[in-house]
Amino acid sequence: DDRHPVSRSDTAAFLRRLIKEEREAHDLLMIATDASLMGWGTWDLENGETEWDERARQIMGLEDDAQEATSLEAWLELIHPEDRPRVERLLQERISEGREYRFEYRIVPPDGEVRHILATGLFRAAPDGTPRRGTGLVQDVTERKRAREEHERLRLLEAASRAEAASTILATLFF
C-alpha cells in the first residue's frame, strides 16, 4: 500500500491554514468592494437562490431587511422593464457558455428612483460541465451615466451654438 497515513495534527494544521487563507481572502474582498463602492452577490443555479452582501442590497435599494431579492425572479423584478429581456438573454447566453459577463442595466428599486448598474461576474460549472453557480459584482454607475449624458448634451449645445454663430456671421457678410 503506497498510501501514507496522515496524522490528526497534520490534518488539523492543514484545516487551520485553509480557514486562515479563506478569512484573508474574505477580508481582501471586503476591502476591495468597500474601496470600489461595489457589492457582491452569488446565484445558485440549481435552486435559483441569490445572496447579496450589504452594499449590493443598498445599491439595489433593498436596505430594509424585509425587502428581499433572494431568487432570480425577485431580482429580475427590480430590473427596468425595458432592460429585462436583454438582461435575461445575456444571462442565459453566459450561463450556457460558462462565460464571464459585464453589462449595464437599469433597476427600479422600491423607492422608484431609476439607477444604472454595472454588473460583472462569471459562471462556474460542475465537473460534469453543468452550470452550477454565478458570482458577481454590482456597482451603481448612475452618477457616471448622468455626467456622461450631461457632457454629451453640452457638447451638442455647443456645436449648435457654433453653427448658429457661423450662420449669423455668414448672413451678415453676404446679405
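All of the numbers you see were taken from the coordinates with simple rules; none came from a lab. Predicted model, so just to flag it, every value in this text is computed and none were measured. Note that we place each Cβ from the backbone using ideal geometry, even for glycine, and neighbour counts take in every protein chain shown.
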Where Rh is the Kirkwood radius over the Cα pairs of region 106-175, the temperature 37 °C and the viscosity 0.692 mPa s, what D in µm²/s does Stokes-Einstein return? 196 µm²/s
Restricting region 60-146 to GluC sites (Glu not before Pro) in coil, as DSSP defines it, with at most 16 other Cβ within 10 Å: Glu63, Glu68, Glu82, Glu113
The chain, Gaussian network, Cα under 10 Å: of Gln92, Gln139, Gln58, the residue fluctuating most is Gln92
Using a Debye calculation, one point per C-alpha and no hydration shell, please list log10 I(q)/I(0) for the chain at q = 0.14, 0.16 Å⁻¹ in order. -0.87, -1.03
Semi-axes of region 61-163's equivalent ellipsoid from the Cα gyration tensor, sqrt of 5 times each eigenvalue, largest first, rounded to whole Å? 33, 19, 11
Find the relative contact order for the chain and round it to a whole percent, using C-alpha pairs within less than 8 Å whose residues are 6+ positions apart. 19 percent
Which longest run of the chain has no exposed loop site in it, a site being trypsin sites (Lys or Arg not before Pro) in a DSSP loop with at most 15 other beta carbons within 10 Å, and the site itself not part of the run? 4-98
